[in-house]
Each structure stands twice: as C-alpha cells, then as structure tokens.
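Notes to accompany the following structure.
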Amino acid sequence: MRALILLVSAVILGVTGGYGWSKWSKSSPAAVASASKGPSAKPGVTSDELEESVYYADCAAARAAGKAPLYPGQPGYRKELDPQDTGIACQPGAAG
C-alpha cells in the first residue's frame, strides 16, 4: 500500500511540478515569432479611421482582395457592405 501511495504521490508531484517550472523554460520559436509582432494599428488611430483606411467599392472587390467577410473595426468595413446590419459585411453566399 505504501508503494502505491508513493507512486501516486510521485506522479502528482511530477505533473504539478512540471507545470510549475514551465514558466521558466524557454519559449518555443513559434511563440517567440507571434509575440514579436507589433500591434496591427498605429497608436492613436481610431477604429473609424482604420475602417476608412481601405475602401472596397463592393463585396466583389473585397472578395477579390481575399478580405471577405469583413467585421466592424477591420479595414474596409462599412455599413453599406452590411445591408442586413448583422455586423458581418460581404458574408459568403450573400448577394453583392
């Protein structure tokens, strides 16, 4: 019985101890690469200015650019491209 308790304790300590030490281990290259990217918007730029920084004449233009669907706050989103007022402009399968 003592051997079983010792074995279970070792497993529990190994799992929790490994988790506790993981914050001091080196980060993976993928995590470092994604963390090194800066913010997508310039400081001081409002969401309205960001949306207006790109203009798509219609949803066909947004799809041709590979940017559809568009959501509020994304460059190129505007209410005219979202006639159903769902918050998703140029939805797949929608006309326009």
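Accessible surface of Glu49 in the full protein assembly, 1.4 angstrom probe, to the nearest 10 Å²?
My reading of the accessible area for Glu49 is about 100 Å².
Accessible area, 1.4 Å probe, largest first: how do Ser9, Ser53 sort?
Sorted descending by solvent-accessible area, the residues read Ser53, Ser9.
The values are calculated or read from the model by the stated rules, or taken from the named source; none is laboratory data. These numbers come from a predicted model, not from an experiment. Heads up: the accessible areas ignore ligands, DNA and RNA and are worked out on the full protein's heavy atoms, side chains in. Shrake-Rupley method; radii C 1.70, N 1.55, O 1.52, S 1.80 Å.
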